[in-house]
Amino acid sequence: MQWEKRVPSGMRYVSRAGDVITWSLEMPVNDDGLFGLLCPYSADHRFAMKVQSSGDSSGSGESDGTGEASILFCPYCGYRGEMDEFYTPEHRRRIDDAVKGVADQLVSDALDRITDVFRRSKSFTVTPGRRPPVRPLYSYTPEPTRRSMTCGTCDETYAVFGIALYCVSCGQLSPAECFTETLDVQRRVMSHLDDLPADIRAQMEANGVFTKIYEDSVKNTFGALEVFLGQVFRSRVTNADHVLRREGNIFQRLRHASGLYERHLGVSLEGLDDQAWPALLDTAALRHLLTHANGIVDEQYLKAVPVSRLQLGQRVHVGRAEAESALNVATSLAQALLAAPDSSTAPV
Ligand SMILES: [Zn+2]
Ligand SMILES: [Zn+2]
């Protein structure tokens, strides 16, 4: 057999053109056919996606090294780089094995040719050595998919292992997708709490962990809504930067944000959902209290929520019901905004 065809399982000779020899190297994929990758920025940023090489439309993760370099994005931090920057240490070790295996066979082949020359000379007696064994490639088991996402813009499906706000392929999820991802993670946290054994739940409750989670959920939900309102506004108003230059954190102040939307897009946030709006104003006041006053009721809060039974100086209570209510009313407003006709045709 020719030396270039003496390759281990997982590697395949493809072609030879002059001095250029091409092999394909199969890389392990998980049960969903997704190829694990790692962000160069952080070793915690791992993800998996379908990878297609040239001449291979099956997405088997096989590469013959002739595919064009593709640009990828880390789904968690948005780091942008070429595919090979995202290879894991396991990939590199397997590729390294393949290269070393080829080098072994190449050197042996060259020595054989020298030996042939010596054999033709009457002055030397040379016994050809044995062929080097074919090195097996380093093998590993890719991580199974636990949660996958599909980008609404480019349709790429990828496995994630954390909060993901970027598409691995086109780089940017839509404002609506980012908002949903941020809120859904709060829902998942609460759902996981239900799965915990009773004694661990009781210990966590006593340690204040539940309260902390519910209070953070209210703050995070409102923060996500603020970002969402800003992104939708910017995507629909052509001179948004000019309009917003002296407005400060206007999307944090819901009534002001509603007026801004009405003036520039003909959509009053206040009029989108009669039930969600008053509850959202209460949530905004609660969030303000948690963020700036450690949850201690002040006069500003009592003015914002006149129906409150809380006394001045009392600390607010945020439980599961309050956290879920914040999620639900924020979701209702966002959905109503996306469904509302506006003066712009920009996609969101
Ligand atoms: Zn990253
Ligand atoms: Zn995409």
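Ranking Leu280, Val318, Leu338 by Cα position along the charge dipole of region 248-348, where only Lys, Arg, Asp and Glu carry charges on their C-beta atoms, puts Val318 farthest toward the positive end.
Take peptides 178-187, 263-272, 313-322 and line them up by average Cβ neighbours within 10 Å, highest first, as a rough protection proxy.
Ranking, from highest mean packing down: 178-187, 263-272, 313-322.
With a simple spin-label model that places each label point 7 Å from the Cα along the Cα-to-Cβ direction, the separation between Ala336 and Glu247 comes to 1.9 nm.
Show that you can apply the helix-only estimate: for the chain, add -39,500 (n - 2.57) for every DSSP H stretch of four or more residues, divide by all residues, and state [θ] at 222 nm to the nearest 500. Working shown, then result.
Numbers: 9 runs with 150 residues, N = 348.
Computed ellipticity for the chain at 222 nm equals -14500 deg cm²/dmol.
Across every pair of non-identical alpha carbons in the chain, the mean reciprocal distance, once inverted, gives a Kirkwood radius of 25.0 Å. A simple spin-label model places the labels of Val209 and Arg12 4.9 nm from each other, with each point 7 Å out along Cα-to-Cβ.
Rounded to whole Å and sorted largest first, what semi-axes of the equivalent ellipsoid does the C-alpha gyration tensor of region 246-322 yield via the square root of 5 times each eigenvalue?
On the way: eigenvalues 133, 41, 21 Å².
Listed largest to smallest, the semi-axes of region 246-322 are 26, 14, 10 Å.
Taking every pair of Cα atoms in region 174-339, average 1/r, invert it to obtain the Kirkwood radius, and report Rg/Rh to two decimals.
On the way: Rg = 17.0 Å, Rh = 17.0 Å.
Rg/Rh: 1.00.
With a simple spin-label model that places each label point 7 Å from the Cα along the Cα-to-Cβ direction, the separation between Glu156 and Thr22 comes to 2.4 nm.
Between 0 and 90 degrees, the angle of helix 175-195 with respect to the longest Cα principal axis of the chain falls at about 90 degrees. Using 0.36 nm per residue and subtracting the Cα-Cα separation, the extra length available between Gln275 and Ala240 on full extension is 9.7 nm. Taking a sphere under 12 Å around the Cβ of Thr211 and counting the other residues whose Cβ falls inside, with K and R at +1 and D and E at -1, yields a net charge of -1.
Highest mean first, the peptides 90-103, 245-258, 324-337 sorted by other C-beta atoms within 10 Å per residue fall in the order 324-337, 90-103, 245-258.
Laboratory data are not the source of any read-out in this text; all were calculated from the coordinates shown. Not measured: the values here are computed from a predicted model. Note that we place each Cβ from the backbone using ideal geometry, even for glycine, and neighbour counts take in every protein chain shown.
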